[in-house]
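Bear in mind that the values in this text are calculations on the coordinates, not laboratory data. No experiment lies behind these values; they were computed from the predicted model shown. Here the Cβ positions follow ideal geometry from the backbone for every residue, glycine too, while neighbour counts run over all protein chains shown.
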Amino acid sequence: MDRQIFTGQTFETMAAAMYEDRATIRRRVRTKATDGGNLVADEILASDIPIRIKPSSAQEKEIAGATEASTAYTVRMPAWQETVPLVLDSKCFLDIAARDGGVEAQTLSVVAPLPSTGSMLDAVAVRQT
């Protein structure tokens, strides 16, 4: 077994034990319909990925009398799921499952992946309201 895959699988096992949140990584893809128009669909890249979410920053602004808020998070997850490397870019969304203790499900939009170590992925993601 390749050393990078082994290291990635080891971190995946550790993350599953340490991180209480789980996410599905999906990406919006556009394809051409038979009539020449565009079809937009979601492609699931990976599911049940253990993740850790930490708030990074928050901001509010008022536009035409409505308040728009956004919160940025730093998200950490394993770089591998079994023997498959995870793909994460600015076109991805993280659907985070609800969990016990009153934590609701949420969706974060990936803004930018951060440099990877090979065994874990870090990214900046936002939630807008």
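Of everything in segment 101-129, what is of a type in the set (D, E) and under 21 Å from R28 (Cα atoms)? Give them in sequence order.
Step one: of segment 101-129, the residues of a type in the set (D, E) are 104, 122.
The one that is of a type in the set (D, E) and under 21 Å from R28 (Cα atoms): D122.
Hey, among E12, E60, which residue is surrounded by 10 or more Cβ atoms within 10 Å (Cβ to Cβ) and in contact (Cβ under 8 Å) with a residue 24 or more places away in the chain?
Details: E60 fails: in contact (Cβ under 8 Å) with a residue 24 or more places away in the chain.
Every option except E12 fails the conditions.
One residue stands out in segment 22-44 among those that are part of a strand (DSSP E or B) and among the β-branched types (V, I, T): the one that is nearest to F93 (Cα to Cα), namely I25. So in segment 17-46, with the set limited to residues that are among the hydrophobic types (A, V, I, L, M, F, W, C) and touching a residue at least 40 places away in the same chain (Cβ under 8 Å), which one is surrounded by the most Cβ atoms within 10 Å (Cβ to Cβ)? Only one residue fits best here, namely A23.
Could you go through segment 104-111 and let me know if any residue there is free of Cβ contacts under 8 Å to residues at least 24 places away in the same chain, surrounded by fewer than 12 Cβ atoms within 10 Å (Cβ to Cβ), of a type in the set (D, E) and closer than 21 Å to A69 by Cα. Checked against the condition, which is being free of Cβ contacts under 8 Å to residues at least 24 places away in the same chain, surrounded by fewer than 12 Cβ atoms within 10 Å (Cβ to Cβ), of a type in the set (D, E) and closer than 21 Å to A69 by Cα, segment 104-111 yields at least one hit.
Name the residue that is farthest from A15 (Cα to Cα), counting only residues in segment 47-82 that are of a type outside the set (A, V, I, L, M) and not in a strand (DSSP E or B). Walk me through it before giving the result.
So the first thing to find is which residues in segment 47-82 are of a type outside the set (A, V, I, L, M), and the list is 47-48, 50, 52, 54-57, 59-62, 65, 67-68, 70-71, 73-74, 76, 78, 80-82.
Now narrow it down to the ones that are not in a strand (DSSP E or B): 65, 82.
Values: G65: 43, E82: 13 Å.
Once the filter is applied, the top-ranked residue is G65.
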